[in-house]
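Read through the structure below, which is laid out as structure tokens, and then see the notes.
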Amino acid sequence: MKKYEPWLTGAAVALLCALSAWRRFRFLDSSPYPMGIDGYFYADQLRSILEHGHLNWPAPPLAFWLMAPFAALTDPIVGAKLGAAILGALGGVPAFLLGKRLGGSRAAGLAACAILTASAGSFYLSVEFVKQGVGVTIALAALCVIAKTLERPSRAWIAASAACVLATWLTHKSAAGMVVVVALPAIAIELRARELLVRAANAAGGAHALVVIAGLVFPDRFLALGDLRLVAGLFGERARWELPAIDFGDHALWIGHEALCGAIAVAALAAVTIVTPRPQAIVIRPSSRERAFTYAFAALAIVIAIPWLDVVDPQGLGFRLRLIAFVPFALVAAAALGAIAELIPMREARWLPALAALGWLAVQPPARDEGVVRAHPALVAAVRALDGTVPSGDMIVTTERHIQFMTVYYTRIPTALDPALVPRAHRWRLMPLAFIGSGSPLDHALLDARRALDVPPPRGVHPRNPNGLVLVAEPTWEWVLDHLPPKTRAWAKAWHTI
């Protein structure tokens, strides 16, 4: 039986990843439109790659190029869904390899794979933040290669590690940050043991210089100095002990309570480390490398579970950290389960982590739609009706990036969120009713502007409401502002965007 274990565990990992990819794609394909607030962003990027060979919007490019073959085989919308589902689910493979290393057994690796592939956070990333989801997969693969490099250093493995780190950096900023945070302690320990720390520090200094230069030249694509503001705003004054992924005030997203699960996994690992009579024999492994990786993941889980983490801003670092809580949760749980199995004096106990994985899978819901942004058919019809309404050379300024990307995809009209980026003579305002407010002074002013004789009338394109989605020329917008109460005028003029 033992000689078949590699094949059986390999088949189990493949099955877990395949089922996860199928479940994700089935959910994404339940709508004919792209899912997620940035769904049309991915579709437009893939269309641009297929038509022009480059991205239409500045962004780290690798995730889009990995998804491009799926778009070439189908179309940009279906290709984006296939790429998001498959590349997100493939994170189960490096999770298995890392879990096996940290937990000391294939069963521990299966536990890590099961937690990740069935994770609410991983599922959510495949729907709403695809680049970050792909980045997690590549980051875990990079950590696997780095761990192997530290175990058997050679020029080939060092080159492979550098290539994987670069690939992570070209995919998503937070994924690259996770690689640095988790791998750096193990690398430092290994270099110190080999008396290479000074030489490595010099090489790291050169690498950091390249990172800074790239961030200055391409701030939208790579880590830049402006991203430091995200770190500065990581913690807030209010503690949320329930550990939501994001707190909107009137409601919150929990995303499987995986931040809390990660904290529990850390507590379990600490408990088994304390009570074991032979700490040197625990399966967090005699190697200091494995201990460094395990403790780095545990530290990440602890940071993610700090109640004062600021999760109010959907663009903030706190929210993005809570979304990847499943990563340290999966790997710390694998280490803890492996350690517990080692303490039980029964041969069959080595499969305890696999049984725990089956139990975890059994309690997971078959579908997850918490916090998912869907494109409403009426909104899609309204945006499609914009085609040909704006003169060539003019631009649309809108209030939501969801509408911005949808407009570009269906009409190819250049669209922005910031009015200052568009000259007044070529600026058109596009507003949904969510911005206008039903029955508000702005709603009434837009209706009154249709009867004004000295400005072009606003053009409503929504099939159900004249101001459901309305296109307004800049002179008309100025007329509308002049006919608003002072408080409403100040708010509308500020042009709040999401």
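The values are calculated or read from the model by the stated rules, or taken from the named source; none is laboratory data. From a predicted model like this one, the values you see are computed outputs, not experimental measurements. We place every Cβ from the backbone using ideal geometry, glycine too, and count neighbours over all the protein chains shown. Heads up: the accessible areas ignore ligands, DNA and RNA and are worked out on the full protein's heavy atoms, side chains in. Shrake-Rupley method; radii C 1.70, N 1.55, O 1.52, S 1.80 Å.
It is to be established whether one or more residues within the range 83-92 are open to solvent by 30 Å² or more (accessible area, probe 1.4 Å) and without any contact (Cβ under 8 Å) to a residue 12 or more places away in the chain. No, the range 83-92 contains no residue that is open to solvent by 30 Å² or more (accessible area, probe 1.4 Å) and without any contact (Cβ under 8 Å) to a residue 12 or more places away in the chain.
For Glu400, the conditions (1) open to solvent by less than 30 Å² (accessible area, probe 1.4 Å); (2) closer than 30 Å to Ile246 by Cβ all hold with the exception of (1). The condition of being assigned to a helix (DSSP H, G or I), within 27 Å of Gly88 (Cα to Cα) and modelled with pLDDT under 65 holds for only one of Asp220, Asp227, that being Asp227. Within the range 466-498, can you find the residues that are open to solvent by less than 60 Å² (accessible area, probe 1.4 Å) and of a type in the set (Phe, Trp, Tyr)? Those that are open to solvent by less than 60 Å² (accessible area, probe 1.4 Å) and of a type in the set (Phe, Trp, Tyr): Trp477, Trp479, Trp495.
Take Ala159 and decide whether it is within 26 Å of Leu260 (Cα to Cα), in a helix (DSSP H, G or I), free of Cβ contacts under 8 Å to residues at least 60 places away in the same chain and among the small types (Gly, Ala, Ser).
Details: within 26 Å of Leu260 (Cα to Cα): no; in a helix (DSSP H, G or I): yes; free of Cβ contacts under 8 Å to residues at least 60 places away in the same chain: yes; among the small types (Gly, Ala, Ser): yes.
So Ala159 does not fit the description; no.
When restricted to residues that are of a type outside the set (Asp, Glu), out of contact with any strand residue (DSSP E or B) (no Cβ under 9 Å at 6 or more places or on another chain) and either modelled with pLDDT of 95 or more or not in a loop (DSSP other than H, G, I, E, B) (or both), the range 462-478 contains 1. For the range 37-66, the tally of residues that are in contact (Cβ under 8 Å) with a residue 40 or more places away in the chain and over 16 Å from Val408 (Cβ atoms) stands at 5. Taking Ala452 as the residue in question, decide whether it is open to solvent by less than 30 Å² (accessible area, probe 1.4 Å) and either among the acidic types (Asp, Glu) or part of a loop (DSSP other than H, G, I, E, B) (or both). So Ala452 passes the test. Can you find a residue that is at pLDDT 95 or above, among the aliphatic types (A, V, I, L, M) and over 16 Å from Cys113 (Cα atoms) anywhere in the range 19-34? Among the residues of the range 19-34, at least one is at pLDDT 95 or above, among the aliphatic types (A, V, I, L, M) and over 16 Å from Cys113 (Cα atoms), which makes the answer yes.
Being under 20 Å from Leu82 (Cα atoms) and surrounded by fewer than 24 Cβ atoms within 10 Å (Cβ to Cβ) is true for just one of Ala167, Ala163, Ala120. Which residue is that?
Details: Ala167 fails: under 20 Å from Leu82 (Cα atoms); Ala163 fails: under 20 Å from Leu82 (Cα atoms).
Only one candidate passes the filter, namely Ala120.
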